[in-house]
1. For the pairs Lys164/Lys310; Lys188/Lys310; Lys4/Lys182, flag any whose C-alpha to C-alpha distance is greater than 22 Å.
2. Taking amide hydrogens as modeled 1.01 Å from N in the peptide plane, which residues meet the under 5 Å criterion relative to Leu346, leaving out close sequence neighbours?
3. Between Tyr285 and Ser170, what length comes free when the chain is fully extended (0.36 nm per residue of separation minus the Cα-Cα distance, one decimal in nm)?
4. Subtract the Cα-Cα distance of Leu337 and Arg111 from 0.36 nm times their separation in residues, and report this length gain in nm to one decimal.
5. Using a Förster radius of 25 Å, what is the FRET efficiency between Lys4 and Gln31 based on their Cβ-Cβ separation? Nearest 0.05, please.
6. If packing is taken as the average count of other Cβ atoms within 10 Å, what order do 309-322, 188-201 fall into, highest mean first?
7. Hey, for a label at Glu296 modelled as a point 7 Å past Cα toward Cβ, could you say which residues of the stretch 326-341 have their backbone N under 11 Å away?
8. Would you please put 290-296, 277-283 in order of how densely packed they are, using the mean number of other Cβ atoms within 10 angstrom per residue and starting with the highest?
Amino acid sequence: MMNKVPVILISGFLGSGKTTLLLRLLAHTRQIPLRAAVLMNEMGEYDVDSAIISEEMPDVTVEGLLEGCICCSKRNELAGALHTLLSQEPDLIFMETTGVANPEQVLEELRSPLLADRLYLVHSISVVDAELFHEYNSRFTADKELVRTLHGQLRTADFIVVNKTDAASSREVTKVVKSIRKLNDTAKLQTTEYSRVDLEPLLEPVLASASVAAKPAQTPQPAPAQVQLTDADAPFVPIPVKSIGRPSSVSRSTAFKVISAHSHEHDPKQPHSFSRLESLTLHQYSPQPLEKQRLENFLTGLGSSLLRAKGYCVLPQEGTMLLQFSGNHLEWQPTALPVSQGYVTLIGEQLDKASITDQWEQCFISL
């Protein structure tokens, strides 16, 4: 009989710091050493989170499921992706969901006959943004599907990371912990910033079952000096999964193109994660660079409908820059990545696509 492979599931709302935590876990497993594999789920069409892992740790196998959530529209592809990872004989598999995925459905799939005899769950980790936790819960009160998702991310967890405590007052952090305990009073909980948690206890069950000595150790690879982790998730290298030249859903000028407009699809027989959140990727097709201030004004002008944005932009003074936007915090980071055509992926609530594409086009006028 084949030995079952342990799985650690990482969930949490948009921009909470899931990928930062995953990178820390991967760095720790390679020191042990354990042979880790990763299943990364993203809403957008660019496999950016997987790319940074592959760039820093090329010996780690990464499988990506894009343009949908593994709790609903990508659920039927989950088993196949996991079996692909299993073929690499890892000691451990990490699964990171999208920020709007409900892990309750994912856990059901792991218990299905297709997977139950090959995998077992070690930990279900939920990452929480201490600064925005109550704001999001209050804002989405009327959206039952999204509330179910936010609560499901906490109820299913046996380890909860209350992250970004540096951006919240101690009083607010106390209130967040109290609210979480009303939903889950048994999970271990750590408050932290930049997803710095005690990693050894999370991996103890894996060490107890894995035959590390029976497999070749991973050779440590130094991380690039320019890479710095942030709570908005670490810098990413975009990898287009489909041809950028394919017909777009909206195309109104040569200056921009809507690459994808994702809405949450679901089986009507299954509870779905959210009803009003969607993603939209805009591409920088102008041959001239996009002015930084214009882009910042564009993002802030979208108001509260915008929850998350990330992408690479070619700027006239700074060159290619990585953009991270979460919780009204905008960060720019330089990158050596040669990007000829930048892009920005937006995730928000009931995005007005027509208005947004009009505003995006205005960013290129008179350039």
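1. Flagged as over cut-off: Lys188/Lys310; Lys4/Lys182.
2. Residues meeting the amide H criterion: Leu280, Thr281, Leu282.
3. 36.9 nm
4. 77.3 nm
5. According to the calculation, E is roughly 0.55.
6. My ranking of the peptides, most packed first, is 309-322, 188-201.
7. 330-332
8. Ranked from most to least packed, the peptides come out as 277-283, 290-296.
Read-outs: derived from the displayed coordinates by stated rules, not from any lab. Please read all numbers here as calculations on a predicted model, not as lab measurements. Neighbour counts are summed over all protein chains in view; Cβ atoms, including those assigned to glycine, are modelled from backbone coordinates with ideal geometry.
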